[in-house]
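Below: the structure, in C-alpha cells.
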Amino acid sequence: AGGGGGCSATSIVPSQPPRARMAAVTSAAAPTQGHGGVTNPPLGGAVAGSSAAGSSSGGPSSGGPSFSAQARALYVSSSAKAGMDGVDSEKIAEIVLQTAANSPFTAHQRKLDRAVDRRVAKLLAAKRKVSEPERAAARATVAARRADLEASRRLERVCVVVDFDQFYAAVAMRDRPELAERPLAVGGALVLTANYVAR
C-alpha cells in the first residue's frame, strides 16, 4: 500500500449486515455484454439466495457467469491477500455486485467493459484478414527479436521486492495493542491496509 504520515487507526464496525445492504438495492441494472461475448445478467434488486440472484456459491441461477467472474471484469480486488485463506470470494463478489450494481462507478466500469469488447472485436476482425505469409513473416521477426534479447540477458543481477505485510496495520497495533484482536483498517477516505481480523 502507498501513503504514509497522517494515517489514523480505527476499529471498523459495519453499519448494517451485508444482507441488509443487498436487500436495500431495489432497482435492476440492464444486462450487458461481457468479455468474450458473455452476457452479464441484471444486477441489483434481489437478495442473495433468491431466484433472481442465484445461489451464493454457484453464481447466477440463469447459467450466466459467476458473481466472481463478473466482479473480476468490473473491479480490482485484493481477495488473494495474505490472511484471507478460506474467504468465500464468490460471496464477497456477490455482495459487491448487489450493493454497487446501480452505482455511477459500476456504470462507468460497464461502459469501459463494452469499449474493450469493441476493441477485441476489431482486433479479431483484423486478425482474420492477415494472410499466412504475413503470419510467417511476423513469426520470423519475433523469433529474431527474442534471440537478440536472450543473447543480451544478464542473469548475474538479482532484484528483490520487499513487501511489508499489513505494514500500516502492524504499526497501528504496535502503538495501540488493544486493537490487535479487533477488525482494523488504516486510512482516511481510502483504506491503505487492514489487519487479518478485518480481512
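Condition check ((1) modelled with pLDDT of 80 or more; (2) touching a Leu at 6+ places or on another chain (Cβ under 9 Å); (3) among the hydrophobic types (A, V, I, L, M, F, W, C)) across all residues:
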| position | (1), (2), (3) |
| --- | --- |
| 74 | yes, yes, yes |
| 83 | no, no, no |
| 110 | yes, yes, no |
| 115 | yes, no, yes |
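I'd like the full set of residues that are in contact with a Leu (Cβ under 9 Å, 6 or more places away or on another chain) and either charged (D, E, K, R) or not in a strand (DSSP E or B) (or both), limited to the stretch 184-197.
Once the filter is applied, which keeps residues that are in contact with a Leu (Cβ under 9 Å, 6 or more places away or on another chain) and either charged (D, E, K, R) or not in a strand (DSSP E or B) (or both), the stretch 184-197 yields 195, 197.
Looking at (1) surrounded by 14 or more Cβ atoms within 10 Å (Cβ to Cβ); (2) free of Cβ contacts under 8 Å to residues at least 12 places away in the same chain, which is the one condition that is false for residue 73?
The one condition residue 73 does not meet is (2).
Might you let me know whether the stretch 96-108 holds any residue that is closer than 25 Å to residue 194 by Cα, without any contact (Cβ under 8 Å) to a residue 60 or more places away in the chain and not hydrophobic (A, V, I, L, M, F, W, C)?
The answer is yes; a qualifying residue exists.
Return the only residue of 189, 180 being modelled with pLDDT under 90 and farther than 25 Å from residue 68 by Cβ.
So the residue among 189, 180 that is modelled with pLDDT under 90 and farther than 25 Å from residue 68 by Cβ is 189.
Does the stretch 174-184 contain any residue that is touching a strand residue (DSSP E or B) at 6+ places or on another chain (Cβ under 8 Å) and aliphatic (A, V, I, L, M)?
The answer is yes; a qualifying residue exists.
The values are calculated or read from the model by the stated rules, or taken from the named source; none is laboratory data. Remember, it's a predicted structure, so these values are computed and weren't measured experimentally. When we count neighbours, we look across all protein chains shown, and the Cβ atoms used for this are built from the backbone with ideal geometry, even at glycine.
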